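Bear in mind these aren't lab numbers, they're just calculated from the coordinates by the rules spelled out. All values derive from a computational prediction rather than experimental measurement. Methodologically, a virtual Cβ is constructed for each residue, glycine included, from the backbone with ideal geometry; neighbour enumeration extends over all protein chains shown.
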Amino acid sequence: MSLSLFERRLRIAPDKPGVYIMKDVRGNVLYVGKASVLSNRLRTYFGSPSSLPRKIQRMLSHLDDFECIVTDSEAEALILENTLIKRHKPRYNARLKDDKTYPYLKIDLSEEFPRVYITRRVANDGARYFGPFATAGSVRQTMDLVKRLFPYRSCTKAITGKDPRPCLEFFINRCVAPCTGHATKEDYAKVIQQLILFMEGDTEAVTQDLQQNMEKAAESLEFERAAVLRDRMRSVQRVAEEQRIKVDANPISDMDVIALAHGENETWVEVFFIRHNKLIGRDHFFMEGTQDDTPGLVLGQFIKQFYQSASAIPPRILLQHPLEEEELIREWLQDLRGGAVRLVLPQRGQHKKLIDMVAANATQGLAHHRVKWLDNVNVIQAAMAELQEELSLPTDLRRMECYDISHIQGTNTVGSMVVFEDGKPKPSQYRRFKVKSVEGVDDYESIREVLRRRFKRMAGVRAKQQANGGEAQQADDSWGVFPDLVLIDGGKGQLSAALEVFLELGLDNVPLASLAKENEWLYVPHTPEPIVLSRTSQALYLVQRIRDEAHRFAITYHRNLRSKSSLRSPLDLVTGIGPKRKRMLIRRFGSVNGIKQASVDEIASVPGITRSLAMLLKRSL
């Protein structure tokens, strides 16, 4: 769409609340947003691009069309935005990963003898739903726990009470056997009610009920049944003690606690569910498409997408970061809950400790997720085989090297080289480069310098190996290893710069590729079209992990250099002023400002400082 057509479309954009949908030339949805005034919001996208987040700038480079949907209120626009994000999964929206339908625990109270089972659909049918859970594994763990504590039936047979004998679950105290008449409808209803109270976190009511039933059984001389109830009560008390968490004495003891750990393009969100001051459950979720998004934006998107289908909303939600559009989200949550909801950002006390604990769990969870993936040999081998096929590489991928450049406005420019062997990082062979020949911002020339230095070093080590009959010096051994793939963090420009170095050095047999962050596309030499890996591809996940590790290693080195340079004194930049002379000058004049204000003669009177050096120092300062 031409710029003039965009301008004409903007003139007639509605001055009402609603949702806008950005599309590319193929009609694919790039981004979904909402606004209280659509015309005002849309104009912000077509003003100065420098004021927009980088992710939105990249989205606009692919924009071909947009459309608007008017709603009656901003709250309705928020609901519609969530629905469209779930339906289209736009690349540039932060969204729940693999967000199809999350599993719930369902207790159908309309049944005469209710069962407990997993469902992925929540309906207004009078049943009790608990969830959502992140995975089927999470909900099955919960089912295993409640099945050990509460002997509800797990069979699907019609209950008549006339079966000749119960199944094995009755004899191991996992079912009260209503099928044989061992438990009446009222007895079974008590078990289900205790289970519901437990899932709500009210374990005191459960233990009190079990104790009363135990005492009644003992009074009726049903000692075997009393012993079973006693053991069940102790089990519930033990679980309750494990769940107990110190919150405070506030009457609002039901809350969810949400914190996150930010990765490169995905975010781990950790949720603790606290009911009656007890931690009744915890779960984690992945948000994808979060690159360049602020933590507050990601947290807000998670809350909107998570609670839209949640079975229950507590009166208080503790948050790690302040939300964008906090008031609107609070009002929307209150409408869903039918009561007040507080969004709290703790700054001190027990709630702050609780948020810190959840945040630590999120950070640990993200780290474990990466390590777990890297430790899965079968997955890594499949990823390497897929990558080899996609890149048409002549040999197996054993050693991969990835390079990244880091700087701030051209200062303290550094390069990193990370090595993955057999799909796993090899930190002992990581290398760092301080870029020496580049002034200002020039990523292309920086990558040229880094690659030139690395591969000239390789040639030198190989020459030594040949001179020594194939034996390499141990210190230089890793420099002489030939990579099966060189991966550059960047797009076509960085790839062309790397290719120039390889041609210059005569390295025409080193496989080369670059990974562009914009769309996570792979580029290879002499092929204008990118290689587009599936979003669920293990090969894509592998190259993203390598690229992220190179970026982390470069950023760490850059921060160290920046911190050292910020501690340097202007005296360190003057030729001829070493540590001893610097100490003498500071001792005489007290500070650099004192030296600036002193005359040349006064500086020259300091022992070890000649007049010519004093004049040079004055000019430098």
| field | Degrees separating the helix 492-504 axis from the principal Cα axis of the chain, which is the longest one | value | 50
| query | Within straight cross-link reach of K464, meaning Cα distance under 28 Å, which lysines are found once same-chain residues fewer than 8 apart are removed? | reply | K426, K434, K436, K456
| said: For the chain, what does the helix formula give at 222 nm: sum of -39500 (n - 2.57) over DSSP H segments with n ≥ 4, over the residue count, nearest 500 deg cm²/dmol? | reply: -14500 deg cm²/dmol
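For a protection proxy built on the mean count of beta-carbon atoms within 10 angstrom, sort 538-551, 581-594, 204-217 highest first, please.
Numbers: 538-551: 21.4, 581-594: 14.3, 204-217: 16.6.
With the highest mean Cβ count within 10 Å placed first, the list reads 538-551, 204-217, 581-594.
For D231, D292, D254, what ranking results if the residue with the fewest other Cβ atoms within 10 Å of its Cβ goes first? Walk me through the numbers on the way to the answer.
On the way: D231 13, D292 16, D254 20.
Taking fewest neighbouring Cβ atoms as first place, the list is D231, D292, D254.
Just to verify a number: FRET efficiency for R234 and I118, C-beta to C-beta distance, R0 = 25 Å, to 0.05?
On the way: r = 28 Å, r/R0 = 1.12.
For R0 = 25 Å, the calculated efficiency reads 0.35.
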| query | When you count, for each residue, the other Cβ atoms within 10 Å and take the mean per peptide, how do 478-488, 501-511 rank with the highest first? | reply | 478-488, 501-511
| Using a basic spin-label model with each label point 7 Å from the Cα along Cα→Cβ, how many nm lie between M357 and V37? | 4.7
| said: Need the list of lysines near K353 for cross-linking: C-alpha distance under 29 angstrom, and skip anything on the same chain fewer than eight residues off. | reply: K97, K246, K278, K304, K372
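Nearest 0.05, what FRET efficiency do K216 and D163 give at R0 = 35 Å with Cβ-Cβ as r? Write out the running numbers ahead of the final one.
Working: r = 26 Å, r/R0 = 0.74.
E between K216 and D163, to the nearest 0.05, is 0.85.
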